[in-house]
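Asker: Mind having a look at this structure? Questions to follow.
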Amino acid sequence: MLKIENLHVEIDGKKILKGLNLEIEKGKVHAIMGPNGSGKSTLSYVIAGHPNYEVTEGKIWFEGEDITEMDPHERSALGLFLAFQYPVEIPGVNTTNFLKTAINSIRKSKGQDDIEPLEFLKMQKKKMVELGMTAEMLKRGVNVGFSGGEKKRNETFQMSMLEPKMAILDETDSGLDIDALKTVANGVNNLRSDDKAFLVITHYQRLLDYIKPDVVHILADGVIKLTGGAELALELEEKGYADFIKTEAA
């Protein structure tokens, strides 16, 4: 579904990704772990099309289509979704209107009519119940006045409503207590299917206790150093990153 080949990325002249290769298949959950400054968040932003990051070499394909130079809204229309580490606030735009506009924009790109109001409301109510959202939260400006956990829950709600083909979660567990972590994980697990894929970026094993990865990668110094199964995350929790990076370099 997603293929990244020899990706080199800079920001303000500083090299961040240095020849990264990655392939994610449909129906799979891939996790990327790594120390601070390894390039994890940069990777998520570049896949989503953040304009501040310059791709100096390499390609990104999504479902066989080269998206390396595409704008963020074009990537979104294709079915990519990014959950931010620090979700932004959008004053003056409530979540319901925000989501209805986003859904209709994606439908328009596919030549479809706007979603029927009743269909939208039914879907919204179902997802609200699943994620413990309240009607009052949806009336407020997007993430305005929300706690950290509420912001992450709201992003998971947006992801559930948009039903992307591939979702990238950039340190979604950051700042979450255990109850909020379980709620967010349940939202992700409810979306897992044979035709969707997930890239979960995290520092810690605890998120992967609830979102079971099929593949775990260790990212350090701008490249994937090591790839393995879910057990690799458990080894990292026990030993830290140094031994793996040292072993791979030896």
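Just so you know, all these numbers are worked out from the coordinates, no wet-lab data involved. What you are looking at is a predicted structure, and each value in this text was computed from that prediction instead of being measured. Reconstructed Cβ throughout: ideal geometry from the backbone, glycine too, with neighbour counts over all protein chains shown.
Asker: Stretch Ile178-Asp195 to full length: gain in nm at 0.36 nm per residue minus the Cα-Cα span?
Answerer: Full extension from Ile178 to Asp195 adds 3.2 nm.
Asker: With +1 on each Lys and Arg Cβ and -1 on each Asp and Glu Cβ, and nothing else charged, work out how big the dipole of region 1-67 is about its Cα centre, in Debye to the nearest 20.
Answerer: Magnitude of the dipole: close to 280 debye.
Asker: Quick one: give the max-minus-min coordinate of the C-alpha atoms of region 72-129 along each principal axis, largest first, in Å.
Answerer: Between the extreme Cα coordinates on each principal axis of region 72-129 lie 31, 28, 22 Å.
Asker: Under 5 Å between amide H atoms, partner at least 5 residues away or on a different chain: which partners does Leu82 have, H built in plane at 1.01 Å?
Answerer: Counting only residues 5 or more places away or on other chains, the set is Ile168.
Asker: Between Ile224, Thr101, Tyr86, whose Cα lies farthest towards the positive end of the dipole of the chain when Lys and Arg beta carbons carry +1 and Asp and Glu beta carbons carry -1, centred on the Cα centre?
Answerer: Thr101
Asker: To check you understand DSSP bridge types, tell me what percent of the beta bridges within region 146-250 (both residues inside) are antiparallel, rounded to 5.
Answerer: For region 146-250, the DSSP antiparallel bridge percentage is about 50.
Asker: Principal axis extents for region 107-162, Cα atoms only, whole Å, descending order, please.
Answerer: Rounded to whole Å, the extents work out to 37, 20, 17 Å.
Asker: Let me ask something else about it. When Rg is the radius of gyration of the Cα atoms in the chain and Rh is its Kirkwood radius, what does Rg/Rh come to?
Answerer: Over the Cα atoms of the chain, Rg/Rh equals 0.96.
Asker: With θ set to phi - 60° and the Karplus curve 6.51 cos²θ - 1.76 cosθ + 1.60, what are the ³J(HN,Hα) couplings of region 45-53 in order, to the nearest whole Hz, using x for Gly and Pro?
Answerer: Listing the rounded values in order: 5, 5, 4, 7, x, 4, x, 7, 9 Hz.
Asker: Please get the size of the charge dipole for region 54-114, origin at its Cα centre, with Cβ charges of +1 on Lys and Arg and -1 on Asp and Glu, quoted in debye to the nearest 20.
Answerer: Dipole magnitude for region 54-114 comes out near 360 debye.
Asker: On to the next question. Can you give the % of DSSP beta bridges in the chain that are antiparallel, to the nearest 5?
Answerer: Bridges in the chain that DSSP calls antiparallel: roughly 60 percent.
Asker: Also, I was wondering about something else. Give, in nm to one decimal, the length gained when the segment between Asp12 and Thr134 is fully stretched (0.36 nm per residue of separation minus the Cα-Cα distance).
Answerer: 39.8 nm
Asker: Shifting gears a bit: With just the Cα atoms of region 1-100, tell me how far they stretch along each of the three principal axes, in Å, largest first.
Answerer: 41, 30, 25
Asker: Something else: Going by a ≥ b ≥ c, the root eigenvalues of the Cα gyration tensor, does region 52-174 fall in the rounded group (a/c under 1.5), the prolate group (a/b larger than b/c) or the oblate group?
Answerer: Oblate is the answer for region 52-174, as a/c is 1.5 or above yet b/c matches or exceeds a/b.
Asker: Fully extended, how many nm does the chain gain between Asn186 and His203 (0.36 nm per residue separation, minus their Cα-Cα distance)?
Answerer: 4.2 nm
Asker: Would you mind estimating how fast region 112-222 diffuses translationally, via Stokes-Einstein at 37 °C and 0.692 mPa s with the Kirkwood radius over Cα pairs, in µm²/s?
Answerer: Translational D for this selection: 216 µm²/s.
Asker: Mind checking the angle between helix 95-109 and the chain's longest principal axis? C-alpha axes, 0 to 90 degrees, to the nearest 10.
Answerer: 70 degrees
Asker: Taking the Cα centre of the chain as the origin, how large is its charge dipole in debye, to the nearest 20, when only Lys and Arg (+1) and Asp and Glu (-1) carry charge on their Cβ atoms?
Answerer: Around 600 debye, computed over the chain.
Asker: Note the angle between two axes, namely the Cα long axis of helix 178-191 and the longest principal axis of the Cα atoms of the chain, as a number of degrees from 0 to 90, rounded to the nearest 10.
Answerer: Around 80 degrees separate the two axes.
Asker: Using a 7 Å offset from Cα along Cα-Cβ at Met123, what residues in region 131-170 end up with backbone N under 17 Å from the label point?
Answerer: It comes to 131, 155-167, nothing else.
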